[in-house]
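Undergrad: The structure that follows is given in the form of structure tokens.
Laboratory data are not the source of any read-out in this text; all were calculated from the coordinates shown. This one's a predicted model, so the numbers in the text were calculated from it and none came from an experiment. Every residue, glycine as well, gets a Cβ built from its backbone with ideal geometry; the counts of neighbours run over all protein chains shown.
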Amino acid sequence: MEQFLSYLMPGLLRGCVYTIIALGFIIIYRTTSVLNFAQGEIFLLGAYSVYFAVAQIGFPVYVGIPIAFIILGLIGLVIERTTLRPLVGQPILAIILMTLGISVFFRGVVVLIWSDVIMPVPTIFGSGGASFFGATLPIQYIWFAGISICISIILYLFFTRLSMGLQMTAVADNTKLAQSCGVSVNRTTAASWVIACIVTGAGGYMLCTITGVYPLMGELGLRSLAVVLAGGMESIVGAMVMGPVVGAIEFVLSGYLDDYVGGGLRDVVAFAVLIIFLFFRPQGLFGWKIIERV
């Protein structure tokens with residue numbers, strides 16, 4: 001039992017990082033109905049922005065992190081203004097392919113500037129661990145869980161209570177109708193990209209305090225695609241539930257089976273979960289069911 005908990009608890013808490021990255025997917029999808037394939041690289045930029053502000057420029061960590069998030073917000077604004085706004089009215093596939101191009105571009109820029117060496121990032125989470133039923137958990141993972149819950153609650157209230165959040169949902173549902181009601185599509189779309197980049201960047205920083213920062217971190221970000229599809233493309237609650245579940249499945253299966261399959265099982269588990277949900281429940285556990293009358 002102690003061994004099982006030593007796999008389960010870190011998986012649940014690390015899955016909270018997947019939840020935060022999944023929230024970035026959901027923010028953009030709820031506003032534009034576009035699946036953003038650049039999400040993994042935005043996650044990557046969050047880690048490198050903190051590294052740049054703190055380790056390279058030399059800002060104190062509590063100053064460098066807000067500066068890094070401001071940089072990420074500006075990056076989101078630039079992405080929306082320069083690459084996606086000209087595609088308004090074009091087929092959704094064109095916009096999705098644009099996000100894929102953005103992801104390749106950002107990964108190339110990161111390798112060009114910082115190379116592919118793993119570099120440590122200063123942390124605000126402290127060190128040490130806490131014991132839970134005999135399993136020792138790094139203190140960072142406990143912080144991850146708390147931050148994930150706070151961000152999820154804030155975004156849930158934002159989309160269900162505040163005018164801007166309701167406008168974002170309206171734009172995704174019917175752009176022309178939202179415009180006729182006085183909603184600024186350009187403003188809400190830009191806001192969604194700014195918020196999504198900041199939220200996703202927070203997840204990038206959290207994870208890189210454990211793994212260090214390196215270009216292939218973007219692939220870790222894409223694991224959250226399984227969380228999004230399993231929980232529901234529009235559902236914040238689904239991301240809160242499925243992030244820890246996917247993380248736990250990864251850690252438990254890799255902990256017990258890696259010795260028998262030669263390792264690397266953690267890298268494929270999330271995508272196996274994705275395939276299963278696409279087969280049996282493509283809208284996700286909490287996804288909206290769209291009913292069209294003919």
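Undergrad: Under unit Cβ charges (Lys, Arg +1; Asp, Glu -1), what dipole magnitude, rounded to 20 debye, does segment 195-294 have relative to its Cα centre? Let's see the in-between values first.
TA: On the way: 5 positive and 7 negative charges, 71 e Å.
With Lys and Arg at +1 and Asp and Glu at -1, about 340 debye.
Undergrad: Name the shape class, rounded, prolate or oblate, that the alpha-carbon gyration tensor gives for segment 78-187, where a ≥ b ≥ c are the square roots of its eigenvalues, rounded holds for a/c under 1.5, and otherwise prolate holds if a/b is larger than b/c and oblate otherwise.
TA: Numbers: a/c = 3.42, a/b = 1.46, b/c = 2.34.
Oblate.
Undergrad: Using a Förster distance of 41 Å, how high is the FRET efficiency between Leu93 and Thr136, based on the Cβ-Cβ distance and rounded to 0.05? Intermediate values should be presented prior to the final figure.
TA: Numbers: r = 48 Å, r/R0 = 1.16.
Computed FRET efficiency for Leu93 and Thr136: 0.30.
Undergrad: Still on this model: Would segment 176-255 count as rounded, prolate or oblate if I go by the C-alpha gyration tensor, calling it rounded below 1.5 in a/c and otherwise prolate when a/b exceeds b/c, oblate otherwise? Numbers along the way, then the final one.
TA: Numbers: a/c = 3.50, a/b = 1.76, b/c = 1.98.
It comes out oblate by the Cα gyration axes.
Undergrad: Follow-up. With springs only between Cα atoms under 10 Å apart, run a GNM on the chain and tell me which of Tyr214, Tyr48, Tyr205 wobbles the most.
TA: Largest GNM mean-square fluctuation: Tyr214.
Undergrad: A follow-up question, please. Work out the length of the dipole vector of segment 17-214 about its Cα centre, built from +1 on the beta-carbon of each Lys and Arg and -1 on the beta-carbon of each Asp and Glu, and round it to the nearest 20 debye.
TA: 400
Undergrad: Distance from a point 7 Å along Cα→Cβ of Val117 to each backbone N in segment 42-69: keep the residues under 14 Å and list them by number.
TA: In segment 42-69, the label zone of Val117 (backbone N under 14 Å from the point 7 Å along Cα→Cβ) covers 56.
Undergrad: Return the tail of the calculated pair distribution for the chain, meaning the percent of Cα-Cα pairs more than 27 Å apart.
TA: So the pairs more than 27 Å apart make up 40 percent of the total in the chain.
Undergrad: Place a point 7 Å from the Cα of Ile275 along the Cα-to-Cβ direction; which residues of segment 244-268 have their backbone N under 15 Å from it?
TA: Under cut-off, by backbone N: 265-268.
Undergrad: Another question, if that's okay. Which order do the peptides 215-222, 240-247, 51-58 take when ranked by the mean count of other beta-carbon atoms within 10 Å per residue, highest first? Let's see the in-between values first.
TA: On the way: 215-222: 20.2, 240-247: 25.1, 51-58: 17.0.
Packing proxy ranking, top to bottom: 240-247, 215-222, 51-58.
Undergrad: Right, next: Which of Leu257, Leu23, Leu274 moves the most in a Gaussian network model of the chain with Cα springs under 10 Å?
TA: Answer for the Gaussian network model of the chain: Leu257.
Undergrad: Still on this structure: So how much slack lies between Cys181 and Phe105, counting 0.36 nm per residue of separation and subtracting their Cα-Cα distance, in nm? Numbers along the way, then the final one.
TA: Values: separation 76, 0.36 × 76 = 27.36 nm, distance 3.69 nm.
Computed gain between Cys181 and Phe105 is 23.7 nm.
Undergrad: Counting pairs of alpha carbon atoms under 8 Å apart in space and at least six apart in sequence, what relative contact order in percent does the chain give? Display every interim value, and only then the final one.
TA: Values: 480 pairs, mean separation 106.8, N = 294.
The value is 36 percent.
Undergrad: While we're on this one: Which residue, Thr209, Thr82, Thr175, tops the fluctuation ranking in a GNM of the chain built on C-alpha contacts under 10 Å?
TA: Highest fluctuation among the options: Thr82.
Undergrad: From the backbone phi of segment 10-27, what are the Karplus-calculated ³J(HN,Hα) couplings (6.51 cos²θ - 1.76 cosθ + 1.60, θ = phi - 60°) in whole Hz, Gly and Pro given as x?
TA: Along segment 10-27, the couplings run x, x, 4, 6, 5, x, 5, 5, 4, 4, 5, 5, 4, 4, x, 4, 5, 4 Hz.
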